[in-house]
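So the structure is just underneath, and the comments pick up after that.
Coordinate-derived values only; no laboratory data. Note that the structure is predicted; figures quoted are calculated from it, not measured. Heads up, the Cβs are rebuilt from the backbone with ideal geometry, glycines too, and the neighbour counts pull from every protein chain shown.
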Amino acid sequence: MTSWSPDKCWNEECGVFAVVGVPRASEITALGLHALQHRGQEATGIVSCDDRGDFHVRKGIGLVSDVYDSGNLNDLPGQLAIGHNRYSTAGGLTLENTQPLRVVYRGGPLALAHNGNLTNAAAVRQSLEESGSIFQTTLDTEVFLHLVALAPTDDVEAALTEAARTVTGAYSIVVLARGKVIALRDPHGFRPLCVGRLGDGYVVASETCALDLVGADFIREVEPGEMITIDPQGMRARRAVPAAEPAQHCIFEHIYFSRPDSRVFGATVDQVRRKLGHQLAREHPVDADVVIAVPDSSNSIALGFAEESGTRFELGLIRNHYVGRTFIQPQQAGRDFGVRVKFNPVREVLDGKRVVVVDDSIVRGTTSRKLVRLLRRSGAREVHFRVGSPPVTHPCFYGIDTPSRRELIGALKTVEEIREYLGVDSLGYLSLDGMLACESEPRRFCRACFDGRYPVAVEAGAGKLAIEQLRRTPSGSGS
Ligand code: AMP
């Protein structure tokens with residue numbers, strides 16, 4: 001097993017789903033997880049609770065479609081289930097680290113699935129270990145289970161409330177206990193979480209696109225700091241921790257991470273992205289023949305740019321969706337193979353044209369640089385790069401996988417230096433104010449990856465770069 005240290009204690013980019021009071025709940029959960037596949041492709045797990053109160057588990061490394069089939073889902077009986085898709089980072093891809101985490105404590109069996117990242121996990125874990133706790137995983141998530149077990153109460157909701165008062169950071173979690181599911185969201189509401197109605201039962205999901213696939217009707221989002229219990233008697237909400245004012249929803253969910261067909265933080269993601277595209281076109285107009293997207297995450301932003309600028313939208317890059325992480329690069333593959341295996345240009349769209357290429361974000365800049373070379377090789381006469389967000393200058397500590405500042409091109413170079421590095425005729429990033437203007441309640445969004453203002457303190461030494469070190473480094477967004 002991977003040894004644990006704060007910088008390996010990460011649990012990023014995940015999707016969670018739960019079903020209560022619906023026959024064959026594990027099958028519905030697998031479907032929900034399938035719709036949430038974009039939130040994590042490395043590993044997945046489902047835990048169900050049968051009518052006798054016994055728990056059943058299936059976990060595996062790989063995609064939802066690799067791990068579950070009708071045969072093994074039959075081994076997960078019951079009308080209650082929770083599931084998780086995991087995107088693994090430095091913590092190591094192991095089955096122990098695959099969620100939901102399942103334990104048996106004095107209150108009976110318990111399983112928990114978490115999206116987000118706790119910011120004080122190292123300190124909490126250290127103090128738990130000092131008093132004798134034995135941890136099974138390298139996940140920040142596991143501290144929840146220990147805190148529940150230690151709480152001086154047999155009531156699982158009360159114990160979870162105690163845990164929620166101890167941890168800080170981002171958590172949208174679903175918990176399976178005998179006969180019920182509990183959904184809990186951190187006081188800032190960093191990550192999304194919503195509840196829907198399915199027949200006589202309920203579902204809980206990271207995004208509404210999962211409700212759509214299973215045929216559930218959206219009821220509402222779980223509020224920041226709220227705990228919702230769902231059992232055969234129905235759905236009951238209570239406040240676990242006071243909600244932060246204002247909330248701090250992750251703006252990167254709207255820019256990149258969530259699916260455009262989802263409703264997240266009170267808005268349809270596609271509509272926010274269209275607005276980002278409109279604003280981008282107003283801020284960085286350019287005379288061009290075609291607008292293309294870097295599919296798929298930028299499609300809505302590029303459409304918005306085309307609408308506002310009056311320049312034709314074309315499919316200039318085609319994405320292959322079946323690229324696994326373990327793709328073997330043939331020796332004769334040549335330059336830019338990693339990008340070419342994912343994107344192929346449509347020469348007829350690009351040849352001799354002045355092309356605006358729209359991407360949602362630039363993180364390291366390596367993909368964009370290779371894409372630009374591809375576009376030029378396909379005959380693009382001019383390449384104008386437009387980005388639907390400001391330069392990413394700071395890592396996220398609340399559940400988006402961003403590299404350390406050392407690798408963030410937006411932290412290292414000015415916009416002009418980035419333009420040169422990408423090899424483009426012009427480069428335009430959306431301004432911070434322009435981005436915020438696309439949200440109906442901008443003050444309710446965390447934008448720390450763009451301005452380094454972290455709404456929840458991160459413990460020193462946590463993550464990929466210590467927060468103390470971040471504070472010493474000048475902002476250097478270059479814009
Ligand atoms: P690069 O600048 O080469 O690091 O890659 C930027 C591309 O990665 C953009 O097209 C984004 O759509 C995508 N992207 C942005 N954030 C993430 C993330 N957290 N995980 C994976 N891909 C991302």
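Okay, here's what the table says:
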{"read-out": "Magnitude of the charge dipole, region 15-248, Cβ model with Lys/Arg +1 and Asp/Glu -1, debye to 20", "value": "120"}
{"read-out": "Calculated FRET efficiency for the pair Leu315/Leu95, C-beta based, R₀ 51 Å, to 0.05", "value": "0.80"}
{"read-out": "Contour minus Cα-Cα distance for Ala158 and Arg106 (0.36 nm per residue)", "value": "17.3 nm"}
{"read-out": "Calculated SAXS-style log₁₀ I(q)/I(0) at q = 0.09, 0.10, 0.17 Å⁻¹ - region 15-248, Debye, Cα scatterers", "value": "-0.31, -0.39, -1.24"}
{"read-out": "Dimensions (Å) - the chain, Cα atoms, principal axes, largest first", "value": "69, 49, 48"}
{"read-out": "Antiparallel DSSP beta bridges within the chain, as percent of all bridges there, nearest 5", "value": "80"}
{"read-out": "Label-point separation, Asp296 to Asn344 (7 Å along Cα→Cβ), nm", "value": "1.8"}
{"read-out": "Burial ordering of Phe144, Phe313, fewest other beta-carbon atoms within 10 Å first", "value": "Phe313, Phe144"}
{"read-out": "Inter-site label distance for Asp200 and Val323 at 7 Å from Cα along Cβ, in nm", "value": "4.8"}
{"read-out": "Length gained when the stretch Gln271-Thr366 is fully extended (0.36 nm per residue, less Cα-Cα span)", "value": "31.4 nm"}
{"read-out": "Helix-only [θ]222 nm of the chain, DSSP H runs n ≥ 4, -39500 (n - 2.57) each, per residue, nearest 500", "value": "-7000 deg cm²/dmol"}
{"read-out": "Order by protection proxy (mean Cβ within 10 Å, highest first), peptides 231-238, 353-360", "value": "353-360, 231-238"}
{"read-out": "Sequence-separation-based contact order of region 359-457, relative, with Cα cut under 8 Å and 6+ spacing, percent", "value": "33"}
{"read-out": "Computed magnitude of the charge dipole of region 61-185 (debye, nearest 20; Cβ of K, R +1, Cβ of D, E -1)", "value": "220"}
{"read-out": "Label-zone membership for region 419-463, site Arg381, 7 angstrom Cα→C-beta point, backbone N under 15 Å", "value": "425"}
{"read-out": "Modelled FRET efficiency - R0 25 Å, Asp217 with Asp50, Cβ distances, 0.05 increments", "value": "0.45"}
{"read-out": "Alpha-carbon Rg with Dmax, taken over region 113-265, Å", "value": "15.7, 47"}
